[in-house]
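Single-structure report; data block below.
The values are calculated or read from the model by the stated rules, or taken from the named source; none is laboratory data. This structure is a prediction, so every number in the text was calculated from the model and none was measured. For neighbour counting, all protein chains shown are included, and Cβ atoms are generated from backbone atoms with ideal geometry for every residue, glycine included. Areas reflect the complete protein model, heavy atoms only, side chains present, ligands, DNA and RNA absent. Shrake-Rupley method; radii C 1.70, N 1.55, O 1.52, S 1.80 Å.
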Amino acid sequence: MKTDIESLWVFALASKSCTALTQETSFAWLVLIVGLAWFTMALLYWAHPGGPAWGKHKWRNNNNNNNNSNNKPLIRPTIPGPRGLPLLGSMGLMASLAHRRIAAAAGACNARRLMAFSLGETRVVVTCHPDVAREMLNSSVFADRPIKESAYGLMFNRAIGFAPYGLYWRTLRRIAAAHLFCPKQIKASELQRREIADQMVGLLSKDRRGGESGRGLRVREVLKRASLNNMMGSVFGRVYGLEHHDWVSSNNELEELRELVDEGYELLGLLNWSDHLPWLADLDAQRIRFRCSKLVPKVNRFVARIISEHRSSRTGERTRDFVDVLLSLQGTDKLSDSDMIAVLWEMIFRGTDTVAVLIEWILARLVLHPDVQSTVQDELDKVVGRSRSVAESDMSQLAYLTAVVKEVLRLHPPGPLLSWARLAITDTTIDGYHVPKGTTAMVNMWAISRDPEFWVDPLEFMPQRFVTHDKNEVEFSVFGSDLRLAPFGSGRRTCPGKTLGLTTVCFWVASLLHEFKWLPSGRSPVDLSEVLRLSCEMAKPLNVKVRPRRRIINTSH
């Protein structure tokens, strides 16, 4: 009897073990089947031209059409493009020098007119052709921008750059156009630009001994201080000197702002994987969300303090600046304090580094091409003479200098992918291809401006290509009417400060070339290698020697 009971116990235990084993095996098979199904779908998505994001949209769109018997399947041409990797797509295209990688991929796929690729789950189209760029940029469908997490974190969704297209955005554009970037205001700020140019000349004259001793001069820091000082004067009504002691004596306000701008540039220029891979969003693996949360309170305190000072001194006698303009708005135009902070922060942020970056590229090219530099200086001597400094009224007669600036913009556009992309707000057709709502669109201006189809000897530095030789010949405009070279964009989202920016660049370059001959530093030859952050900068700061051209360098006019 005992043996029977033990046998029954062993049988029950064995039966229970088999049941458990069967359940574990079933679960394992279930996991395997689900995994295989997921892997198969990932491969199907990835196999579509353009990669996984485009494949996912295609499959889902086909399923929706099949579920609706009233709709006949539409046969549309497929946009060519690289597949990249499953799940990730072509994230590697946006690493390092993205404009060069994208141009190479478009050439390899024979898709220079329009190429599709995937950034994780984000669908992207990019063009390297001016006709398609015009179609894209001038379309009302692409009036919005894709909002990065960092842009939200830095409050730019309430400023001109990233605010959704609509009444609020149009109001901001109108205010900026009427009170900061209009011809009258640009003319009114001429004295400020001239004073800063004089300060740069004085500072370089003082420091040129270092250049003569072989160490050379690094002009980047001078240019960045000048650019930041210029925007501070226009936006906040604060003007400082460029000397280091001027910055220290300002209670570190400029140094503080410089640090805020630098941190913001780095955050907005990073490729945030969470923007394109939603399943990474909660991890904040790159600490972008954390850094934004640390930066924004500092920005709020800085800008709010200046707004408060303006409120308390509005009745005093001082030059009216953009803060005063915003505080004076009434009715539907009136902005909340948080919106004012976002708008003012973006004005400083966007208007600072681009001018300095472009001038550094111009000076680098003129050091490498002394014959071009001599031609510019001969023109300056003819128009201005050596007895006085350059005035902005002289600029209209400096045709060759203007051509040099345009040629540098062609070879070294600060925003080679026009900085910030566009977003399709509805389904549309571009170059005969269907582009669905929610697609990010880019223009590779760097590739267009170096395309031999549109430019003779595109890799050569030839400013004379922009010089008009006939009075009836129309001057080439870089303000967006000709998409072979539109470094400031075109259409509704064109850069609002393009006229002010180009005026500042041309005048400061003229002043620096009129006062000095720019020579290479013996220890640090000019290196045109690029690094793409938010702007495309020189990877190695320009190191030069300068020699006075005028017998007496002074700041008198």
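Things worth noting here:
- Residue in the stretch 524-535 that is at pLDDT below 95, within 17 Å of the chain's Cα centre (by Cα) and open to solvent by less than 10 Å² (accessible area, probe 1.4 Å) present: yes
- Residues that are open to solvent by 20 Å² or more (accessible area, probe 1.4 Å), more than 20 Å from PHE466 (Cα to Cα) and among the polar types (S, T, N, Q) within the stretch 383-400 comprise SER387, SER393, listed in sequence order.
- Cβ pairs under 7 Å, 6+ apart, first in the stretch 87-99 and over 19 Å from TRP54 (Cβ atoms), second open to solvent by 10 Å² or more (accessible area, probe 1.4 Å) and not hydrophobic (A, V, I, L, M, F, W, C): LEU97/GLU530
- Members of the stretch 181-212 found to be of a type in the set (D, E, K, R), under 18 Å from LYS498 (Cα atoms) and in contact with a helix residue (DSSP H, G or I) (Cβ under 8 Å, 6 or more places away or on another chain), listed by number: GLU190, ARG193
- Residue under evaluation LEU380, criteria (1) open to solvent by 40 Å² or more (accessible area, probe 1.4 Å); (2) not in a loop (DSSP other than H, G, I, E, B), criterion not met: (1)
- Contacts under 6 angstrom Cβ, first residue in the stretch 412-433 being under 12 Å from ARG76 (Cα atoms), partner among the β-branched types (Val, Ile, Thr) and open to solvent by less than 20 Å² (accessible area, probe 1.4 Å), 6 or more apart: TYR433/ILE79
- Restricting attention to the stretch 269-284, the residues being in a helix (DSSP H, G or I) and over 22 Å from the mean Cα position of the chain (by Cα) number 3.
- Just one residue in the set ALA151, ALA178, ALA163 is free of Cβ contacts under 8 Å to residues at least 60 places away in the same chain, buried (at least 20 other Cβ atoms within 10 Å of the Cβ) and either on the phi < 0 side of the Ramachandran plot or touching a helix residue (DSSP H, G or I) at 6+ places or on another chain (Cβ under 7 Å) (or both); that residue is ALA163.
- Every pair of residues 6+ apart whose Cβ atoms lie under 7 Å, when the first sits in the stretch 506-523 and is assigned to a helix (DSSP H, G or I) and open to solvent by 20 Å² or more (accessible area, probe 1.4 Å) while the second is among the basic types (Lys, Arg) and modelled with pLDDT of 95 or more: none
- Unique residue being surrounded by 16 or more Cβ atoms within 10 Å (Cβ to Cβ), modelled with pLDDT under 95 and closer than 30 Å to TYR165 by Cβ when the list is ALA421, ALA447, ALA441: ALA421
- Residue match in the stretch 103-110 (condition: in a helix (DSSP H, G or I), out of contact with any Lys or Arg (no Cβ under 7 Å at 6 or more places or on another chain), within 15 Å of GLY50 (Cβ to Cβ) and open to solvent by 10 Å² or more (accessible area, probe 1.4 Å)): yes
- Pairing residues of the stretch 37-53 that are in contact (Cβ under 8 Å) with a residue 12 or more places away in the chain with residues that are acidic (Asp, Glu) and not in a helix (DSSP H, G or I), at Cβ distances under 7 Å and at least 6 apart in sequence or on separate chains, gives ALA53/GLU121.
- Enumeration of residues in the stretch 278-331 that are of a type in the set (Lys, Arg) and open to solvent by 70 Å² or more (accessible area, probe 1.4 Å): ARG287, ARG289, LYS294, LYS298, ARG301, ARG305, ARG311, ARG314, ARG318, ARG320
- Within the stretch 119-139, the set of residues being among the small types (Gly, Ala, Ser), out of contact with any Leu (no Cβ under 8 Å at 6 or more places or on another chain) and open to solvent by less than 20 Å² (accessible area, probe 1.4 Å) is empty.
- Complete set of residues in the stretch 30-76 that are part of a loop (DSSP other than H, G, I, E, B), modelled with pLDDT of 90 or more and either in contact with a strand residue (DSSP E or B) (Cβ under 6 Å, 6 or more places away or on another chain) or on the phi > 0 side of the Ramachandran plot (or both): GLY50, GLY51
- Qualifying residue in the stretch 513-520 (condition: at negative phi, within 21 Å of the chain's Cα centre (by Cα) and not hydroxyl-bearing (Ser, Thr, Tyr)): no
- Here the condition is being within 30 Å of PHE349 (Cα to Cα), open to solvent by less than 40 Å² (accessible area, probe 1.4 Å) and either of a type in the set (Gly, Ala, Ser) or touching a Lys or Arg at 6+ places or on another chain (Cβ under 7 Å) (or both); of ARG493, ARG550, it holds for ARG493 alone.
- Applying the set (1) open to solvent by less than 60 Å² (accessible area, probe 1.4 Å); (2) at pLDDT 95 or above; (3) over 25 Å from MET115 (Cβ atoms); (4) not in a helix (DSSP H, G or I) to PHE454 leaves exactly one unmet item: (3).
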